[in-house]
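As structure tokens, the structure follows; a few thoughts come after it.
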Amino acid sequence: MKLAQIAFHQTMIMLVIILIGVICYKKGVINEETSKRLSDILVKVVNPMVIFVSFQIEFDMKVLRGLAAVFLLAFLAHLIGMIFAHFFARDQVEAWTMIYSNCGFMGIPLINALLGAQGVIYLAAYIAVFNLVAWTHGISLMSGEKQQDIKSVLKLPAILALIFGFLAFIFRIQLPSILVEPLDAVGSMNTPLAMLIAGVTIAQSDLWKALRTIRNYFIVACKLLIVPAVFAAICSFLPIDDLPYITAVMATACPTAALGTILAVRYHRGEEKASHLFTISTVLSMLTLPVMMLFVGVLQ
């Protein structure tokens, strides 16, 4: 119950910032070009800072085991999403929506608020798997072509931050506070920046049309409730510590990844539908994330 209350409180904070983003777009304070620039800053600078700084702790074998557990659980989560997509998705956009979570964009601020820096460490492992799968299977899914672009995945800022942060953790390299504090200060922009951008994205979409399409609710329900609930139930039988378990479930329960909309535009796979599913899943996740935490509490 406590986790559900914390999740509800945090999602309400995020919702208010999203509404500020909507208003900023409607009033012309933030336009599409500004939003793209802010997204670049978020993905290439702020998110990597959060991930790297989270590893600036004393080495602990328990944390290392938790990282390995989340890494494996993330593959399981994506596999469950793929199984549901195989049976229930009608096209590539619906399949993407069911499989891929906005685990970095939405996950980092949420996990940081719920579980603190150690939760972000475990989330970094989930994000690594997301990038590996999304930029290989996900690209193939949306393009219709077989692609294996592992090298480009390893160059992503979040993955580089994970690699360097993990090495610093393993070799017990702790930076002086004069370096850690400014990095941490930049990372603290993650939640407001991410939610402002989400608000701008929602403001550009025809939310009313998205809400009137009944099919969208089924796809989003699979993404936000059914897939993470099945995943959580399976994981509850595994010998996993609470923190890695909760992190993996929350990452899986996040709304669909914004990358899906970008790929839909690039490969002409129903751009409007992808935008609608991203929008409605983001909006409804404000309600479903606390529900999932309540469900996790029941399982525990």
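Exactly one condition in (1) under 14 Å from the mean Cα position of the chain (by Cα); (2) basic (Lys, Arg); (3) surrounded by fewer than 20 Cβ atoms within 10 Å (Cβ to Cβ) is not met by residue 212; state its number.
Result: residue 212 fails condition (1) only.
With the condition being in contact with a strand residue (DSSP E or B) (Cβ under 7 Å, 6 or more places away or on another chain) and within 19 Å of residue 35 (Cβ to Cβ), I'd like the helices (runs of 4 or more DSSP H) fully within segment 238-300 carrying at least 1 qualifying residues.
Answer list for segment 238-300: 271-299.
Quick one: is residue 17 in contact (Cβ under 8 Å) with a residue 60 or more places away in the chain, under 30 Å from residue 171 (Cβ atoms) and not acidic (Asp, Glu)? Full working, then the answer.
On the way: in contact (Cβ under 8 Å) with a residue 60 or more places away in the chain: yes; under 30 Å from residue 171 (Cβ atoms): no; not acidic (Asp, Glu): yes.
It is false that residue 17 is in contact (Cβ under 8 Å) with a residue 60 or more places away in the chain, under 30 Å from residue 171 (Cβ atoms) and not acidic (Asp, Glu).
Out of all the residues in segment 213-268, which are of a type in the set (Lys, Arg) and under 21 Å from residue 86 (Cα atoms)? Even if it seems obvious, please write down each step before you answer.
To start, the set of residues in segment 213-268 that are of a type in the set (Lys, Arg) comprises 215, 223, 266.
Residues satisfying the conditions are 215, 223.
Taking interchain pairs and intrachain pairs at least six residues apart, which have beta carbon atoms under 8 angstrom, with the first residue in segment 71-95 and farther than 17 Å from residue 269 by Cα and the second of a type in the set (Asp, Glu) and modelled with pLDDT of 95 or more?
Cβ pairs passing all conditions: 88/94.
Could you please find all residues in segment 268-300 being small (Gly, Ala, Ser) and modelled with pLDDT of 90 or more? Quick ask: steps written out before the conclusion?
Going through segment 268-300, the residues small (Gly, Ala, Ser) turn out to be 270, 274-275, 281, 285, 297.
Passing the criteria: 281, 285.
The values are calculated or read from the model by the stated rules, or taken from the named source; none is laboratory data. Every value quoted in this text rests on a predicted model; they were computed, and no experiment measured them. Here the Cβ is made from the backbone with ideal geometry for all residues, glycine too, and neighbour counts use every protein chain on show.
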